[in-house]
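Worksheet for the structure shown next.
The values are calculated or read from the model by the stated rules, or taken from the named source; none is laboratory data. Bear in mind that the values here come from a model prediction, so they are computed numbers and not experimental data. Here Cβ is always computed from backbone atoms with ideal geometry, including for glycine, and neighbour counts include all displayed protein chains.
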Amino acid sequence: MSTQRFSPSHQGNQTDLFASGSDSAGPAVGTAWGLSVHHELFLFVKHCNFSPAEALRAATYLNAKRFKFSDRGEIKPGLRADLVLVEGNPLEDIDHTLNLRGVWKDGVLCKTYEGML
């Protein structure tokens, strides 16, 4: 990601031009998939003037929209239930996304978190 400062225009919703997770499309030596998304969220908020809500949208809804995944990207009846539970409020502090307490894929709690909730 460039270190040049970006100033989103809320009138034109320029933040919709950005998506998170672009490094996971191919072999990227040294990339910690999953963890790198948290770093991108941090960079969007701290260095690109995104609100936490805009950063989360870039990592969820916008990626689904760009890849034409009509079954995910939003929390709605009938869509895939891929969710994370975090301790804290990432809308107040984007780093709270690091405080994972549960992960569900297709509505099923991942084994790592079984017995922890």
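Considering each residue of segment 79-92, count those that are touching a residue at least 40 places away in the same chain (Cβ under 8 Å) and farther than 20 Å from Phe42 by Cβ, and give that number.
0
Out of the residues in segment 94-115 meeting the condition of being in a strand (DSSP E or B) and among the β-branched types (Val, Ile, Thr), tell me which one is farthest from the chain's Cα centre (by Cα). Even if it seems obvious, please write down each step before you answer.
So the first thing to find is which residues in segment 94-115 are in a strand (DSSP E or B), and the list is 100-105, 108-109.
From the residues that got through so far, the ones that are among the β-branched types (Val, Ile, Thr) too are 103, 108.
Details: Val103: 13, Val108: 19 Å.
Looking at residues that are in a strand (DSSP E or B) and among the β-branched types (Val, Ile, Thr), I get Val108.
Which number in (1) outside any loop (DSSP other than H, G, I, E, B); (2) surrounded by fewer than 14 Cβ atoms within 10 Å (Cβ to Cβ); (3) within 13 Å of the chain's Cα centre (by Cα) marks the one condition that Leu91 misses?
It fails just one condition, (1).
Given the criterion of a type in the set (A, V, I, L, M, F, W, C), over 18 Å from Ser20 (Cβ atoms) and modelled with pLDDT under 95, identify the matching residue among Leu117, Leu109.
Values: Leu109 fails: modelled with pLDDT under 95.
Just one listed residue meets the conditions, Leu117.
Being touching a helix residue (DSSP H, G or I) at 6+ places or on another chain (Cβ under 7 Å) and in contact (Cβ under 8 Å) with a residue 24 or more places away in the chain is the filter here; which residues of segment 93-117 pass it?
Correct list: Ile94, Asp95, Thr97, Leu98.
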